[in-house]
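In what follows, a single structure is set out as structure tokens and then discussed.
Values quoted throughout were computed directly from the atomic coordinates according to the rules given, and no laboratory measurement underlies them. None of the values given here were measured: they were computed from a predicted structure.
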Amino acid sequence: MLVDHDRRRHGAPPDGAYGAEPPRTGDSALRRFLGGSPTGVFLRLLFLSVLVGAFLSMLGLTPGRLFWHLYDSARALLDVGLASLHDFGGWIVAGAIVVVPLWLIARLFAVAR
């Protein structure tokens with residue numbers, strides 16, 4: 001193994017020049033996208049799925065219950081947002097009933113001068 005100053009003398013790049021590991025020429029796009037070999041990624045995902053599934057089962061959550069809980073939460077959030085917009089629109093109309101006539105009167109007096 002060459003020491004860093006020996007590597008430079010022999011024309012090789014210093015250690016760490018390629019990052020954590022040297023680039024592999026046979027790296028496929030699928031392998032880069034998945035972050036490893038397809039089999040390894042599948043086994044990790046399977047293991048994590050079993051762990052998360054067991055945890056959710058201990059909490060009494062099923063996929064259907066989880067879906068409907070997320071659906072109900074999104075619906076409630078949308079209802080709150082729309083109610084807020086309705087209130088905001090009411091504020092605009094109430095304010096406009098006072099502000100627009102006052103602005104119009106001020107403009108009429110400004111033109112008269």
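Which of rounded, prolate, oblate describes region 62-113, given a ≥ b ≥ c as roots of the alpha-carbon gyration tensor eigenvalues and a/c under 1.5 marking rounded, otherwise prolate only if a/b is larger than b/c? It is prolate, given that a/c is not under 1.5 and a/b is the larger ratio. Computed from backbone phi with θ = phi - 60° and the Karplus coefficients 6.51, -1.76 and 1.60, the 3J(HN,Hα) list for region 78-85 is 5, 4, 5, x, 5, 5, 5, 5 Hz; x is used for glycine and proline.
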